[in-house]
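Input: a single structure, listed below in structure tokens.
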Amino acid sequence: MKMRIVTSTAVGLASGLFCWFLMKHLRQDAADFRWALHLAKRLLVRQNPYDTPLEQYPLTAGLFALPFVRLQPEAAAGLFYGISSAVLAFGITRYNYRGLMIFLAYPYWAGLLTVQWSPIIAAGAFFPFLLPVTMAKPQIGLPVFLTHASRRGLAACLVVAAISLAVLPKWPMLWIAQTSRYEHFIPLLVLPGPLLLLALWRYRDRDAVLLLLATCMPQRWFFDSFILWLIPKSRREIVWTVFLSWGCGIWRWYQTPHSFNEVGRWTVIFIYLPMLAVVLLREKHPETDRDSVPAGSVTLARFLALPVLWARLK
């Protein structure tokens, strides 16, 4: 336990300080985390948090940002990303230390540059009390929630939902009205995305269900796919998926994407398809199947995947 605490603290300090440095050096304020801070500040002064079309986060994100509102934006960004990374590291080391290699994946660093929710949402897979964080960014939180739900986690989510509705009862309608402006891609609908339906072959495997659900979710950039590193377990799986993920980084370095579909295509090629290979090629092993698939998750994955693909084909 002491080693886990020391290791996760070191990860959190390193990532938090580096994030703070980048925000200061690049003059990025709090990057994307500013929108969660915007929600929190509006809540404190009892003003409409959706007073700008750029605010596209649910109110739950503002609740989680409340502890950071009194800090300078750069410090808030660094502290948030540092805590997120530390908690994720603490969860990973419950089983082994080789899992820490997922912090080398390109989506993690893309998320650090823009201060994303992906690490703390991935951490929700290890701690039931953190599962409500999946509600801060539902398009990437839903796959984690549905594949790692528990009674305690569900109870915590209901409490957070009740608090948000008590604070601003009409926020779901205000937020849904904003989502029409959300520019995105859906991995399943971007060639060669339909190949990801092959994960149905392992429909009893929770990792396959996680992959299928993520495939159907609207996403904006490479950092949204970081939750997929809950899938690889062995050293070989982690090393190869991390290595291939940097294909997106190299491509992004030399070329500015012209559309979100283009972002999606490279995300599918360098991140989603390697994860599909992990799911299909590995042998059944207790370490890769620690828990059974939650009831209903497989059915929901099929329900989402096939209609989405059919709509695209039409």
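This table checks each residue for (1) farther than 20 Å from PHE90 by Cα; (2) among the basic types (Lys, Arg).
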| position | (1), (2) |
| --- | --- |
| ILE227 | no, no |
| LYS233 | no, yes |
| ARG236 | yes, yes |
| TRP240 | yes, no |
| LEU244 | yes, no |
| TYR254 | yes, no |
| ASN261 | yes, no |
| TRP266 | yes, no |
| ILE269 | yes, no |
Review point. Hey, does segment 225-233 have a residue that's part of a loop (DSSP other than H, G, I, E, B), of a type outside the set (D, E, K, R), open to solvent by less than 30 Å² (accessible area, probe 1.4 Å) and over 26 Å from GLN56 (Cα atoms)?
Key: yes
Review point. Residues in segment 55-65: is at least one open to solvent by 60 Å² or more (accessible area, probe 1.4 Å) and either touching a residue at least 24 places away in the same chain (Cβ under 8 Å) or more than 19 Å from PRO172 (Cα to Cα) (or both)?
Key: no
Revision key, fill the gap. Going through segment 89-105 in order, the residues found to be in contact with a Gly (Cβ under 8 Å, 6 or more places away or on another chain) and either basic (Lys, Arg) or surrounded by fewer than 24 Cβ atoms within 10 Å (Cβ to Cβ) (or both) are THR93
Exercise for review: Sort out which residues of segment 237-253 are at pLDDT 90 or above, open to solvent by less than 10 Å² (accessible area, probe 1.4 Å) and touching a Ser or Thr at 6+ places or on another chain (Cβ under 9 Å), and write them in order of number.
Suggested key: SER245
Review point. What's the number of the condition VAL6 fails, among (1) assigned to a helix (DSSP H, G or I); (2) in contact (Cβ under 8 Å) with a residue 12 or more places away in the chain?
Key: (2)
Practice item. For segment 70-85, name all the residues that are open to solvent by less than 20 Å² (accessible area, probe 1.4 Å) and of a type in the set (A, V, I, L, M, F, W, C). Key: ALA76, ALA77, PHE80
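This table checks each residue for (1) part of a loop (DSSP other than H, G, I, E, B); (2) among the hydrophobic types (A, V, I, L, M, F, W, C).
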| position | (1), (2) |
| --- | --- |
| PHE33 | no, yes |
| GLN56 | yes, no |
| SER85 | no, no |
| ARG94 | yes, no |
| TYR108 | no, no |
| LEU113 | no, yes |
| ALA122 | no, yes |
**Study point:** Cβ pairs under 6 Å, 6+ apart, first in segment 112-140 and under 19 Å from ALA40 (Cα atoms) and at pLDDT 90 or above, second open to solvent by 10 Å² or more (accessible area, probe 1.4 Å) and small (Gly, Ala, Ser)
**Key:** PRO132/ALA156
Practice item. Check segment 248-256 and report whether any residue there is more than 21 Å from VAL144 (Cβ to Cβ), in contact (Cβ under 8 Å) with a residue 24 or more places away in the chain, of a type in the set (Gly, Ala, Ser) and in a helix (DSSP H, G or I). Key: yes
Check your understanding: Condition test on LEU22, is it outside any loop (DSSP other than H, G, I, E, B), open to solvent by 10 Å² or more (accessible area, probe 1.4 Å) and more than 29 Å from ALA161 (Cα to Cα)?
Key -> yes
Check your understanding: Which ones in segment 141-160 are open to solvent by less than 30 Å² (accessible area, probe 1.4 Å) and either in contact (Cβ under 8 Å) with a residue 40 or more places away in the chain or touching a Ser or Thr at 6+ places or on another chain (Cβ under 8 Å) (or both)?
Key -> GLY141, PRO143, VAL144, THR147, CYS157, VAL160
Check your understanding: So how many residues does segment 211-224 have that are buried (at least 20 other Cβ atoms within 10 Å of the Cβ), touching a helix residue (DSSP H, G or I) at 6+ places or on another chain (Cβ under 6 Å) and within 19 Å of PRO119 (Cα to Cα)?
Key -> 8
Revision key, fill the gap. Within segment 258-307, the count of residues that are modelled with pLDDT under 90, part of a helix (DSSP H, G or I) and hydrophobic (A, V, I, L, M, F, W, C) comes to 11
Review point. Can you pull out the residues in segment 175-202 that are open to solvent by 80 Å² or more (accessible area, probe 1.4 Å), part of a loop (DSSP other than H, G, I, E, B) and over 30 Å from ASN48 (Cβ atoms)?
Key: LEU191
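The values are calculated or read from the model by the stated rules, or taken from the named source; none is laboratory data. What you see is a predicted model, and the numbers here were worked out from it, not measured in a lab. Backbone-built Cβ (ideal geometry, glycine too); neighbour counts: all protein chains shown. These accessible areas exclude ligands, DNA and RNA; they are computed on the full protein's heavy atoms, side chains included. Shrake-Rupley method; radii C 1.70, N 1.55, O 1.52, S 1.80 Å.
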